[in-house]
Every structure is written in C-alpha cells, then in structure tokens.
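Undergrad: Pasting a structure here, questions to come.
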Amino acid sequence: MVSFLEERPKNIAACQNVLSDAKSVQKPPPPPGFLSISRKKLLHNLEISAGTMVNAWVDSMRASSPTHIKSTPSVADDEGSWNLHHPSALEMFEQIIDASRGKQIVMFLDYDGTLSPIVADPDRAFMSKKMRKTVRKLAKCFPTAIVSGRCRDKVYNFVKLADLYYAGSHGMDIKGPEKLSKSKRDTELLFQPASEFVPLIDEVYEQLVETTKSTPGAKVENNKFCLSVHFRCVDEKKWSELAQQVKSVLKDYPKLRLTQGRKVLEIRPTIKWDKGKALEFLLESLGFANCTDVFPVYIGDDRTDEDAFKILRDRGQGFGILVSKFPKDTNASYSLQEPDEVMDFLRRLVEWKEFSTKTQSKM
C-alpha cells in the first residue's frame, strides 16, 4: 500500500499530461513560458485526482479493517481455501513441534489484537492476568519479544514483565533485559534508529490533534517515533473526511510516510525500518544471526506484522501466525482466530517445553 506522499508524483505527472495536451492543440503556438490551460480546468483535474486518491485510501481502510464476512457460496469457498493454506496453529501443533525439534525457539509477539483484545479506547487495551501469567512462563522457556506499533514505554506498562525484549514504534525503539540471553553480557540493549525524527513527530502530532478534532471518534496517539490515528470509533461515513485531514497535514512533511493497519492510520519516518527489520536485529542481538538451528515464531494480527512474516518466509526459518477471524492476504503460514487462541497456543508451547526438560533431566 502506497502512502499519500508517494502518490504525489503521479498526480503531478497527470497534471503535466493535461498541460501538454493543451499545448498541442493551441494554434498559433503560445509565447514561451505561457501555459495554454484555464485555471478552472487545472483545478478541476487536480480535484478529481485528489478525490480518487482519498477514495482509494478509504477502500483500503475498509479492506484492512473487516468486521464481517458475507455469507455467500463464493466467500465460503474462498474461506475454505484460505483455511487450507493457513491452518490453525492449534490443530497443527504437533507438526509445528516436529519442525522445531533440535532448534532454539524464539518468540515474537504483537500486542494489540494478539495478547490483548482490540478495544474502542486504545488506552484501555489491557491484557488479562491469565495472559500475563502465560507470557511470563513463555519467557522462562524461550527468548521472547513484544513487537508493537505502540510506544515502548506504553507497551511495557501494559505487559509489566521485565524479562522480555520490547520493540516499540514498529521496531524503532528496541530495549532488552539487562542480561542478553545468549551472551550473558551485563550490558543493556537499546536501539533507536529513528531518534532524530522525534521533534518532527511531536510537531506533526500537535497539528494532527488540531486538524482531526472536528471528526468525532478520531484519536491521535503519539508513539514517540511514529504516530497512530485511530478511526475505530469514527463513523464509516467520516473516513473519507479523516483521510483528507491526515493527508492535508502530511503534504508538508516528505520525511514521513503514511501506512495503515487495523482501524488505524500510521505515520512513520521514511527510514527503511519495520517489524521485520526489528525481528532480524533481535535475532542478531541474541546471537542467532547466521544460525541454522534457530526457530523464530512471530504471532501478530495487523498489516504491519506482514513485514515480519515475510522475513521468516524468505529466511526459510520458523513461521508466522496471523491472528484473524477473517481471510486476509498474508505471508503467515498458520492462523489463530483471537487472543484466547493465542493464549492456548502459548500454553501448549510452555507445557511441551517443561515436559521435554523434565524428560531430558531424567535421562
């Protein structure tokens, strides 16, 4: 999905074509430097182009935030085919364990929609006590990281587990426990590749809050190295208006790009960094950069998690698990429907690991 900013060159080119056509039919040729096109026609074409662009974004917003499946035979067939290619990780648990034997499992977990349910107010996306207990046990069995679009500090306040690695702001703010799991060095892992963008992010945040306040339900979240414009509580009829508001602010900031996720528009620096890059960085930090005996597992529900799913598919190591009740285009290998199923899957991993450890100790 391209951003509003990436679409601008296409719009300019379209306008240039209109101007070129106007020149070709003008007789006699106009004086040098004179554009033979009316201001009214030019503005009309720009209006059409901008409207088309916003409409495309609204369509994409709907596609990335499905709320139901139409019960038609074709959709049912598509769903069956999708489930065949992305089977339940719970149903395929034994096959997953067989694939990981003799390898070090490393766990990567998204937060919203994966460890906690999606809620109307993003500030109240609390994980359950049962989920926290499960993740705590998981981290004792395997190196575990939380990879989220949220501000790292905010995610930590939700999870409240010190022995995990945290990658906030789509991996642009990474911090680990004081002792790295494999090297045992008493140094703190801290990596912030977009630190120079913080003043710019703060500036745009203030503008977005002011610009979107006229749209009921819109909420702008400052995640330190990126921004999130939540539209979960915005009437769908107002999505076009909100997209236009965000576009109007970002047109003056070419160093920022717009992407989207599940009921959220994401504004990020244009650096080549995402959740997939964060996954690779963490594997390297853990000492598994070029290892063939590592088995990374990434569980996430959002479009931004696809970068990590693709990395795992390209590496040919481990796999991704998409959390979704609806079929989606994805690079994940398996699926789970909701956070409760995620918790069940993590529990089974812990039980398998504890049983394996006890069996080996007896032998």
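The values are calculated or read from the model by the stated rules, or taken from the named source; none is laboratory data. None of the values given here were measured: they were computed from a predicted structure. Every residue, glycine among them, receives a Cβ derived from its backbone with ideal geometry; neighbour counts consider all protein chains shown. For accessibility, only protein heavy atoms count, side chains too; no ligands or nucleic acids. Shrake-Rupley method; radii C 1.70, N 1.55, O 1.52, S 1.80 Å.
Each row is one residue, and each column tells you yes or no for (1) in the same structural domain as Arg303 (by the TED database); (2) buried (at least 18 other Cβ atoms within 10 Å of the Cβ); (3) within 30 Å of Ile105 (Cβ to Cβ); (4) at pLDDT 95 or above.
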position: Asp202; (1), (2), (3), (4): no, no, no, yes
position: Val229; (1), (2), (3), (4): no, yes, no, yes
position: Lys237; (1), (2), (3), (4): no, no, no, no
position: Pro254; (1), (2), (3), (4): no, no, no, yes
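Undergrad: Out of all the residues in region 92-106, is one or more within 20 Å of Glu280 (Cα to Cα), part of a helix (DSSP H, G or I), open to solvent by less than 10 Å² (accessible area, probe 1.4 Å) and not β-branched (Val, Ile, Thr)?
TA: So far as region 92-106 goes, yes, one or more of its residues are within 20 Å of Glu280 (Cα to Cα), part of a helix (DSSP H, G or I), open to solvent by less than 10 Å² (accessible area, probe 1.4 Å) and not β-branched (Val, Ile, Thr).
Undergrad: Of the numbered conditions (1) exposed (fewer than 15 other Cβ atoms within 10 Å of the Cβ); (2) assigned to a loop (DSSP other than H, G, I, E, B); (3) in contact with a strand residue (DSSP E or B) (Cβ under 8 Å, 6 or more places away or on another chain), Val119 fails exactly one; give the number of that condition.
TA: So Val119 meets the others, but not (3).
Undergrad: Looking only at region 305-363, which residues are among the small types (Gly, Ala, Ser) and farther than 25 Å from Asp293 by Cβ?
TA: Of everything in region 305-363, those that are among the small types (Gly, Ala, Ser) and farther than 25 Å from Asp293 by Cβ turn out to be Ser324, Ser335.
Undergrad: Tell me which residues, restricted to region 317-359, are assigned to a strand (DSSP E or B) and either open to solvent by 20 Å² or more (accessible area, probe 1.4 Å) or not polar (S, T, N, Q) (or both).
TA: Hits for region 317-359 are Phe319, Gly320, Ile321, Leu322, Val323, Tyr334, Leu336.
Undergrad: Separate question: Are any residues in region 128-145 without any contact (Cβ under 8 Å) to a residue 60 or more places away in the chain and touching a Leu at 6+ places or on another chain (Cβ under 6 Å), and if so, which ones?
TA: Arg136, Ala139, Thr144
Undergrad: Something else: Take region 294-309 and flag every residue that is open to solvent by 20 Å² or more (accessible area, probe 1.4 Å) and either at pLDDT 95 or above or of a type in the set (S, T, N, Q) (or both).
TA: Within region 294-309, Glu306, Asp307 meet the criteria.
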